[in-house]
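FYI, it's all coordinate maths here, none of it is from the lab. Since the model is a prediction, treat every value here as computed from it, not as a measurement. All Cβ positions, glycine included, derive from the backbone under ideal geometry; neighbour counts span all protein chains shown.
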Amino acid sequence: MPTRRDPLAAAARPLARGAMFLTAWVVLLLGGVAAASDDRVVQWGYNPAGSLVPSAVDGSAGGAGPLATQEADPVPLRRLVDDEPAERVARLLAEGVLVRAPGAADAAAQMVQAWVLFDRPVDRVYELLSATGRQREFRREIAAQTEVSRDAEGVVEEQRLRILFLDVVYRLRYGLDPVARRIRWQLDPTFANDLRRVEGFWELFPLDASRTLARFGTAIDVGELPAFIEDSVTRRTLPGTLARCREWVNADGAPR
């Protein structure tokens, strides 16, 4: 004897499938982007206060908990990325480099800023980036680089850029702060620099034992030189330069 079909149950099945599909999309959107690191998965999502925060899911135990950092608190991460739209944060997590849209403060200082995600521990990232004399390994525009002096506070280097038919020579004074994990630079005022202004910074924040979020900023004023030189070393070429820097750091400074 054939089984009698329940018309209400049959009608409910498409609704249930639709609800499951909608739930899956909500989980995907709110759960953020996940990245694997050994047997742990770093998952990003929004907390009840609306802040983007990481959590760690142990692949073997299946439990979730706060992402461990050296500071045991993701407050720096929330403070840094909260002003970025969710789709731009997802792009950063997917691509590893995100040039920030200029804000009012950035425009006033003519500062271009960016986020970079490194797949290396924060201390190793600092060690590599503070080796300023190795920049030619990922910065194609540097034709020559020479260390002029070094002391307890940092190093002075002379750099020569070759851009089309022009040679541009200047000296930078780097300030190195391994405790705060900051690197800053500006023109050496005692040298006859071809550029009117060069300054910038790296600020590093640990995400976990093997990943680092970096904030980068740079400002350049070429003075009397042609304006295309400024474009050649700032926003137009910055994404590619930072991507090569990221690859170099992730390769632990191996020659490229």
Review point. When only C-alpha pairs under 8 Å and at least 6 residues apart count, what is the relative contact order of region 90-165, in percent?
Key: 18 percent
Exercise for review: With an 8 Å cut-off on Cα pairs and a minimum separation of 6 or more residues, tell me the relative contact order of region 96-250 in percent.
Suggested key: 27 percent
Practice item. Assuming R0 = 35 Å, can you tell me the calculated FRET efficiency for the pair Ala90 and Arg196, based on Cβ-Cβ distance, to the nearest 0.05? Key: 0.40
Practice item. Pop a pseudo-label 7 angstrom from the Cα along the beta-carbon direction at both Arg124 and Thr237 and give the gap in nm to one decimal. Key: 2.9 nm
